[in-house]
Amino acid sequence: MNYELPKGSRLLKKQFTYGVATSSFQIEGGIEQRLPCIWDTFCATPGKVKDGSNGDLACDHYNLWRDDIALISSLGVDAYRFSIAWARVMNKDGNLNQQGVDFYINILDELKAKNIKSFVTLYHWDLPQHIEDQGGWLNRNTAYLFQDYADKLSKAFGDRVYSYATLNEPFCSSYLGYEAGIHAPGLTKKAYGRQSAHHLLLAHGLAMQVLQKNSPNSMNGLVLNFTPAYPLTDSAADIRAAQLADDYFNQWYIKPVFDGAYPDSFALLADEDKPMIEAGDFDIIKAPLDFLGVNFYTRTVYKATEGRDFIEVDMVDAPKTDIGWEIYPQAFTDLLVSLHQKYKLPPVYITENGAAAADQLHNAEVDDQLRLSYYQLHLNAVHQAVEQGVDIQGYFAWSLMDNFEWAEGYLKRFGIVYVDYDSQQRTVKNSGLAYKRLISNR
Ligand code: FCB
């Protein structure tokens, strides 16, 4: 099967950037050469990760990085999005760890040699544990430590980086990590979720200052995830429930960046749940972006309920991926168009999109039909958004290869490349082969 797009689509132009994405903790391993991070601790806590696994080896990318870049290059992509492990590049005393910095410099140089643009994310959830021990993202000082890390690292990288993103999905770091407790560090308090979100946004703004200064020629921005909220019925109560959920899970992280304010429903928070905000914070947070990264996987349906703002509805009969996320590509187009209408967006890159499937390797082939169809539908959804006026410049498949899927461990496979975790052998899946054809046929 080939991915088909309408003739003349921007997605068929050579200038449109296609890439693959990964993150440090999910693929690297190499834990001897870095400090512990909150995900090491979380994995070591019984019951937190479904298969009891950890990131000690993962895809062994720490050792196999050169082969992996050859693999990326063989796919013909224009760009590779990956993240830096803060705990690998900085020592406890706040100085750079040169060995860790060199690991990434080698990667950046190899990418450049292969003519692949590097999209670097500074924070994809793996906070050094010693910083968590001081309160992590609940401590305002962590935002300043992040700025210092961004400052020193961007100086060390020089002009090697095509694009920097400060944070990946602050919603996940704050809500899943500090409020729902299903990600590291596993805390569960509404006030913690709100406070960590504010400090993450502040950290983003502070890092933008140093990135724009040290690396003015790279494209610097932020990666946010969105799970559009739909009402179960068109009753006023359900519509309001969906809107409150949208504020809480989505707009909370983008509105401060573009409008310098939280959504109006901030006022509904109990006083003890409201974050501490200092004068001038929003001026820092709303620093202009060179690009916005959008990650999209699915939507959520909500209904009104007694005593709560909203309740999630499981769409039992809807098509879903292997991780239980509904396949609903229209939400992708709707999301992009609505963001474009609500905010004055810079160029947009789809920095993650993809599907989990229960893949099987047979005779050196992985025929991942579900993923093939998911990509077909979602590439088309992006095309529709472009047609409706959204300035989308690129698209990254999540993920380059199967990897450690957080609380799901290694049970959920998102790669367009299959990883045999015993042999560390990589096999390009049929979805990956189709991606390669799409890219090379432009
Ligand atoms: C996103 C994460 C990424 C991956 C995908 C499936 O929320 O950014 O690391 O786990 O989901």
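Which members of segment 336-372 meet the condition of being away from the ligand (no atom under 16 Å from the Cβ) and assigned to a loop (DSSP other than H, G, I, E, B)?
The answer is 343, 344, 345, 346, 347, 360, 361, 363, 364, 366, 367.
For segment 293-327, what are the residues that are assigned to a strand (DSSP E or B) and within 16 Å of the ligand (Cβ to nearest atom)?
The answer is 293, 294, 295, 296, 300, 320, 326.
For segment 202-229, how many residues are part of a strand (DSSP E or B) and either at pLDDT below 95 or open to solvent by 10 Å² or more (accessible area, probe 1.4 Å) (or both)?
Within segment 202-229, residues that are part of a strand (DSSP E or B) and either at pLDDT below 95 or open to solvent by 10 Å² or more (accessible area, probe 1.4 Å) (or both) number 3.
(1) open to solvent by less than 20 Å² (accessible area, probe 1.4 Å); (2) out of contact with any strand residue (DSSP E or B) (no Cβ under 9 Å at 6 or more places or on another chain); (3) within 16 Å of the ligand (Cβ to nearest atom); (4) of a type in the set (Val, Ile, Thr): which one isn't true of residue 182, the others all being true?
Here residue 182 clears every test but (1).
Name the one entry in 419, 386 that is in contact with a Lys or Arg (Cβ under 8 Å, 6 or more places away or on another chain), assigned to a strand (DSSP E or B) and either among the aliphatic types (A, V, I, L, M) or farther than 26 Å from residue 125 by Cβ (or both).
None of the other options fit; the residue is 419.
Quick grid of which residues meet (1) within 15 Å of the ligand (Cβ to nearest atom); (2) more than 21 Å from the chain's Cα centre (by Cα); (3) more than 21 Å from residue 435 (Cα to Cα):
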{"position": "60", "(1), (2), (3)": "no, no, yes"}
{"position": "63", "(1), (2), (3)": "no, yes, yes"}
{"position": "71", "(1), (2), (3)": "no, yes, no"}
{"position": "96", "(1), (2), (3)": "no, yes, yes"}
{"position": "101", "(1), (2), (3)": "no, yes, yes"}
{"position": "105", "(1), (2), (3)": "no, yes, yes"}
{"position": "114", "(1), (2), (3)": "no, yes, no"}
{"position": "121", "(1), (2), (3)": "yes, no, yes"}
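Right, residue 391: charged (D, E, K, R) and under 30 Å from residue 259 (Cα atoms) or not?
Criteria met by residue 391.
Residues being outside any helix (DSSP H, G or I) and either more than 28 Å from residue 64 (Cα to Cα) or among the small types (Gly, Ala, Ser) (or both): count how many of those fall in segment 118-159.
So the answer is 7.
Quick one: count up the residues across segment 240-265 that are hydrophobic (A, V, I, L, M, F, W, C) and surrounded by fewer than 16 Cβ atoms within 10 Å (Cβ to Cβ).
Here the count works out to 1.
Considering only residues that are in a helix (DSSP H, G or I) and under 23 Å from residue 362 (Cβ atoms), look in segment 422-442 and name the one that is farthest from the ligand (Cβ to nearest atom).
437
So which residues in segment 418-442 are open to solvent by less than 40 Å² (accessible area, probe 1.4 Å) and more than 30 Å from residue 45 (Cβ to Cβ)?
427, 428, 429, 430, 431, 432, 434, 435, 438, 439
Could you tell me which numbered condition residue 115 fails, if it satisfies all but one of (1) in contact (Cβ under 8 Å) with a residue 60 or more places away in the chain; (2) open to solvent by 10 Å² or more (accessible area, probe 1.4 Å); (3) part of a loop (DSSP other than H, G, I, E, B)?
Of the numbered conditions (1) in contact (Cβ under 8 Å) with a residue 60 or more places away in the chain; (2) open to solvent by 10 Å² or more (accessible area, probe 1.4 Å); (3) part of a loop (DSSP other than H, G, I, E, B), the odd one out for residue 115 is (1).
Any residue in segment 6-34 that's open to solvent by 10 Å² or more (accessible area, probe 1.4 Å): show its pairings with residues that are more than 14 Å from the ligand (Cβ to nearest atom) and of a type in the set (A, V, I, L, M) at Cβ separation under 8 Å, as long as the two are six or more apart or on different chains.
Partner pairs satisfying both residue conditions: 10/386; 10/392; 12/5; 34/87.
Within the set of pairs 6 or more residues apart or between chains, which connect a residue that is within 11 Å of the ligand (Cβ to nearest atom) inside segment 391-406 to a residue that is among the charged types (D, E, K, R) and assigned to a loop (DSSP other than H, G, I, E, B) with Cβ atoms less than 7 Å apart?
405/412
Criterion first (away from the ligand (no atom under 16 Å from the Cβ), among the charged types (D, E, K, R) and within 22 Å of the chain's Cα centre (by Cα)) does residue 190 satisfy it?
no
Inside segment 73-94, can you point out the residues that are farther than 30 Å from residue 437 by Cα and in a helix (DSSP H, G or I)?
Across segment 73-94, the qualifying residues are 86, 87, 88, 89.
Regarding residue 165, is this residue at pLDDT 95 or above and either of a type in the set (Ser, Thr, Tyr) or crowded, with 22+ Cβ neighbours inside 10 Å (or both)?
Spelling it out, residue 165 is indeed at pLDDT 95 or above and either of a type in the set (Ser, Thr, Tyr) or crowded, with 22+ Cβ neighbours inside 10 Å (or both).
The values are calculated or read from the model by the stated rules, or taken from the named source; none is laboratory data. Not measured: the values here are computed from a predicted model. Quick reminder, even Gly has a Cβ in these numbers, built from the backbone with ideal geometry, and neighbours come from all protein chains shown. Areas reflect the complete protein model, heavy atoms only, side chains present, ligands, DNA and RNA absent. Shrake-Rupley method; radii C 1.70, N 1.55, O 1.52, S 1.80 Å.
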